[in-house]
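A.B. asks: I have a structure I would like to understand better, so I am pasting it below and will then ask my questions one at a time.
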Protein chains: 2
Amino acid sequence: MNTADLGLPVDVPSTALFTDQYELTMLQAALRAGTADRRSVFEVFTRRLPSGRRYGVVAGTGRVLDAVENFRFDADVIAFLREQKIVDEPTLAWLASYRFNGDIWGYPEGEVYFPGSPILRVEGSFAECVLLETVILSILNHDSAIAAAASRMSASAGGRPLIEMGARRTHELSAVASARAAYVGGFASTSDLAAGFRYGIPTVGTSAHAFTLLHDNERDAFQAQVNSLGSGTTLLVDTYDVTEAVRTAVEVAGPELGAVRIDSGDLLLVAHRVRQQLDALGATKTKIVVTSDLDEYAIASLAAAPVDAYGVGTQLVTGSGHPTCSMVYKLVARAQSADPKAPLIPVAKKSMGAKSSRGGRKWAARRPGPDGIAEAEVIGTGPVPSDLLDHQLQVELVKSGQVVAREPLDAARDRHTAARSALPMSSVQLSRGEPVIPTEYV
Amino acid sequence: MNTADLGLPVDVPSTALFTDQYELTMLQAALRAGTADRRSVFEVFTRRLPSGRRYGVVAGTGRVLDAVENFRFDADVIAFLREQKIVDEPTLAWLASYRFNGDIWGYPEGEVYFPGSPILRVEGSFAECVLLETVILSILNHDSAIAAAASRMSASAGGRPLIEMGARRTHELSAVASARAAYVGGFASTSDLAAGFRYGIPTVGTSAHAFTLLHDNERDAFQAQVNSLGSGTTLLVDTYDVTEAVRTAVEVAGPELGAVRIDSGDLLLVAHRVRQQLDALGATKTKIVVTSDLDEYAIASLAAAPVDAYGVGTQLVTGSGHPTCSMVYKLVARAQSADPKAPLIPVAKKSMGAKSSRGGRKWAARRPGPDGIAEAEVIGTGPVPSDLLDHQLQVELVKSGQVVAREPLDAARDRHTAARSALPMSSVQLSRGEPVIPTEYV
């Protein structure tokens, strides 16, 4: 499942146009002013978690590395920028040879985060760093939003497996990234074949109501499915009458029927009835899969129901009420020249309202209590206190333009489970609340 | 701006894997059962609008046509499906030669819709139609959600131009589709270069706070920008103190300064003050652009403010509270064989709760009142009443597998403006309400 080894289902010749126009016009103006090569530090962080949420989940880091590697302006792109007069010829010449040669540090994928956490830090010349803003934010804001919802759902599901099946409710490529982020957040599988192809995520799926309706009756449909997919398949039992369908399903497949799926009605009630009926028919090992507009609350409400797996669609791919994060990419420090020895000067916007930010290149550590459970997210710009040296969160991701932190997706998924379990128990409460640990600036 | 003439910024060799696994397993079972070639009719519709919304906007139709044309299983994809044992060899052989050869009718892009409107109708064999479910729904559910939000925003903005700038808040390719859908819904331009490249949408953008912070002071930054981009550029005036920045901006660029952008604070108050200040400085033609978490309500609240353009990000790309539609793709009729003369039998799920649907191949018409304003969305399965013949909504999009309804994106944008203006005036009220016209079944 190493993402670097798999081909793209969608061949992205370049990620360079996933960019707001102003990144290029700023570049042009800075090139002309002689400020484009000033050594700069940009940081990605969020000022707040979505209302009521207790932690965030970093996801998309691996996709960011792919995007940075593929960020280049080929002839077609240059021709477009020239034709549309987006930037001038000196800028086009600069872009044509663009490769990011700077450094990127960040929270590793799957890690949790809190308000102010410096999730990603991009260092290099102003010119080479500013161009990456839009695509980095697109990826992290989208993927982290989905992973946060997935994490709440997987916590609510206890050990029961979750199936991601939201492809039809979001953009077709957003769906692939969503399946990936859901996996990081604890989902077990996806219905989306492109996500299986691209990221090696296990794929599942058997049939829809259309299959039953295609046939002359439900028995014919079940028989056709079992003949083709075997008795271990999952039969959809709510096209007409559930009780009759369950009886027919066991008659057709025998007690070794793999599972039944329920996609409508009062799932708590229906699951209990179906379980009783299956047991009475001797199909004691046949599983029950439920799918019907589930979110983390509905999943939690089914904890005592005889349900073996949950399929989640809409609410997963829309971030369960929070389809995006509010991550920003801010210049926090810059030198007055390209000289690596020139001192970095902290900078920050200082305007009205809540949009101010803190200048300076930051480190971050999660301070554990005596029981090993996290007590605070500590963020600073000076030297790291010795007791926090071993608890720092940022890792090196790109060194002088070379990606140095590729990892299998399972590593991010395992990291998330570990990070979440090191938070106070109230982190997985579904009720609205404050971030589960405070952010301290030192 | 003809979409067929432009290259893809992202080369999609095939859309066939943007598909839920069960579409393929259903195909396998139907092939084996001998039911795969039964003539079938699938319809896309939604049972309800998002809570409180008065109309929906069809968007993504052009992208659906692209997706259907590119839906094919090449060698890499077949190898993946074989290796993962998703389907058996006869099914792989069938997929390898797959091309959609059926017919598609639907509401043209930009048209409005209501609960039950048969937005798209796909006809052909069960096998060839069922495979398209996931990707068609992904596109229509995403793009229509964005277009609906865009339409409310453009209605609220009156004639003032709206700039789409939400790329950083959504998946990088969702961003491109969002810019497209926003344009259909009435936006004037986008910050997203890929949307300009792919769809010819006008792109805009000048600078961010980072550009000011890069320089030793605000004056240097403004001077650098004006030197490079000319005095017609838009200067961002809220990095430090707005009043001082406006003064500096006019000193640097002169009264011919193109525009100033305000991205924080109480926009209503600040816009008035900045307008007074600009006028006092003689910059009476300098425009004011506002950008700061705007949605349709914030835009409406600025109607009396001296604002010349709105930049909208997060709320646009997240559908302003409704990031997806609830469109479904349902088998509504099928024959008992592939024979074109075999009668179509209406079919429908009849289970518990609200998920039942109406069988039969449907026509749709929008009945106008004496004043030409729409009175009802009329949907039927029998012959079309003679007074509605000229008011039918569905057009032919694909005929025997050939796309027959390509059009420039501007045609969809113009159609939307016309369709919205033929709705009762309360359609553009922002207050929550029922669909602005009822759906009648005849």
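The values are calculated or read from the model by the stated rules, or taken from the named source; none is laboratory data. On a predicted model such as this, the values are computed, not experimentally measured, just so you know. Don't worry about glycine lacking a Cβ; one is built from the backbone with ideal geometry, like all the others, and counts go over all protein chains shown.
A.B. asks: For B:Ala157, are the conditions met, namely being at negative phi, touching a residue at least 12 places away in the same chain (Cβ under 8 Å) and within 12 Å of chain A (Cβ to nearest Cβ)?
C.D. replies: Here the answer is no, as B:Ala157 does not meet what is asked.
A.B. asks: Select from the stretch A:21-44 the residues that are assigned to a loop (DSSP other than H, G, I, E, B) and either closer than 18 Å to A:Ser151 by Cα or of a type outside the set (A, V, I, L, M, F, W, C) (or both) and list them in ascending order.
C.D. replies: A:Gly34, A:Thr35, A:Asp37, A:Arg38, listed by residue number.
A.B. asks: I need a count of the residues in the stretch A:394-421 that are touching a strand residue (DSSP E or B) at 6+ places or on another chain (Cβ under 7 Å) and either among the hydroxyl-bearing types (Ser, Thr, Tyr) or outside the structural domain of A:Glu123 (by TED's automatic domain parsing) (or both).
C.D. replies: Total satisfying the criteria: 1.
A.B. asks: Where residues in the stretch A:309-342 are away from every other protein chain (no Cβ under 12 Å) and at pLDDT 95 or above, which of them is nearest to the chain's Cα centre (by Cα)?
C.D. replies: Ranking the qualifying residues of the stretch A:309-342, first place goes to A:Val312.
A.B. asks: A further question on this structure: For residues in the stretch A:190-214 being farther than 18 Å from A:Asp143 by Cβ and among the polar types (S, T, N, Q), which is farthest from the other protein chains (Cβ to nearest Cβ)?
C.D. replies: Among them, the one singled out is A:Thr212.
A.B. asks: Also: Name the residues in the stretch A:261-298 that are of a type in the set (Val, Ile, Thr) and within 19 Å of A:Val204 (Cα to Cα), would you?
C.D. replies: Residues satisfying the conditions are A:Ile262, A:Thr286, A:Ile288, A:Val289, A:Val290, A:Thr291.
Results for (1) polar (S, T, N, Q); (2) within 24 Å of the chain's Cα centre (by Cα); (3) buried (at least 22 other Cβ atoms within 10 Å of the Cβ), shown as yes or no for each residue.
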residue	(1), (2), (3)
B:Thr25	yes, no, yes
B:Arg32	no, no, no
B:Thr35	yes, no, yes
B:Leu65	no, yes, yes
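A.B. asks: Identify, by number, the condition in (1) over 32 Å from the mean Cα position of the chain (by Cα); (2) crowded, with 18+ Cβ neighbours inside 10 Å; (3) among the acidic types (Asp, Glu) that B:Asp263 doesn't meet.
C.D. replies: (1)
A.B. asks: Another question, then. Please specify each residue of the stretch B:45-68 satisfying the condition of being part of a loop (DSSP other than H, G, I, E, B) and not charged (D, E, K, R).
C.D. replies: Correct list: B:Leu49, B:Pro50, B:Ser51, B:Gly52, B:Tyr55, B:Val58, B:Ala59, B:Gly60.
A.B. asks: Against the definition (over 13 Å from B:Ala181 (Cα atoms), at pLDDT 95 or above, buried (at least 21 other Cβ atoms within 10 Å of the Cβ) and not assigned by TED's automatic domain parsing to the domain that holds B:Val428), how does B:Ile136 come out, yes or no?
C.D. replies: yes
A.B. asks: Output the residues belonging to the stretch B:105-133 that are over 22 Å from B:Ala36 (Cα atoms) and either assigned to a strand (DSSP E or B) or outside the structural domain of B:Glu377 (by TED's automatic domain parsing) (or both).
C.D. replies: Once the filter is applied, which keeps residues that are over 22 Å from B:Ala36 (Cα atoms) and either assigned to a strand (DSSP E or B) or outside the structural domain of B:Glu377 (by TED's automatic domain parsing) (or both), the stretch B:105-133 yields B:Gly106, B:Val112, B:Tyr113.
A.B. asks: Continuing with this model, one more query. Just to be sure before I move on: is B:Val378 of a type in the set (A, V, I, L, M), touching a strand residue (DSSP E or B) at 6+ places or on another chain (Cβ under 7 Å), surrounded by 15 or more Cβ atoms within 10 Å (Cβ to Cβ) and more than 30 Å from A:Leu236 (Cβ to Cβ) in the structure I sent?
C.D. replies: Yes.
A.B. asks: Something else about it: Given the conditions (1) modelled with pLDDT of 95 or more; (2) farther than 20 Å from A:Ala412 by Cβ; (3) within 14 Å of another protein chain (Cβ to nearest Cβ); (4) part of a loop (DSSP other than H, G, I, E, B), report the number of the one that A:Arg72 does not fulfil.
C.D. replies: Just one mismatch for A:Arg72, condition (1).
Residues checked against (1) free of Cβ contacts under 8 Å to residues at least 60 places away in the same chain; (2) closer than 28 Å to B:Ala422 by Cα; (3) more than 10 Å from chain A (Cβ to nearest Cβ); (4) not acidic (Asp, Glu):
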| site | (1), (2), (3), (4) |
| --- | --- |
| B:Val77 | no, no, no, yes |
| B:Leu81 | yes, no, no, yes |
| B:Ile86 | no, no, no, yes |
| B:Glu89 | yes, no, yes, no |
| B:Asp103 | no, no, yes, no |
| B:Glu128 | yes, no, yes, no |
| B:Val135 | no, no, no, yes |
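A.B. asks: Considering each of A:Pro340, A:Pro424 in turn, give the residue that is without any contact (Cβ under 8 Å) to a residue 60 or more places away in the chain and either outside the structural domain of A:Gly34 (by TED's automatic domain parsing) or surrounded by fewer than 17 Cβ atoms within 10 Å (Cβ to Cβ) (or both).
C.D. replies: None of the other options fit; the residue is A:Pro424.
A.B. asks: Among the residues of the stretch B:196-224, count how many are assigned to a helix (DSSP H, G or I), touching a strand residue (DSSP E or B) at 6+ places or on another chain (Cβ under 7 Å) and of a type in the set (A, V, I, L, M).
C.D. replies: Residues flagged as assigned to a helix (DSSP H, G or I), touching a strand residue (DSSP E or B) at 6+ places or on another chain (Cβ under 7 Å) and of a type in the set (A, V, I, L, M) within the stretch B:196-224 amount to 3.
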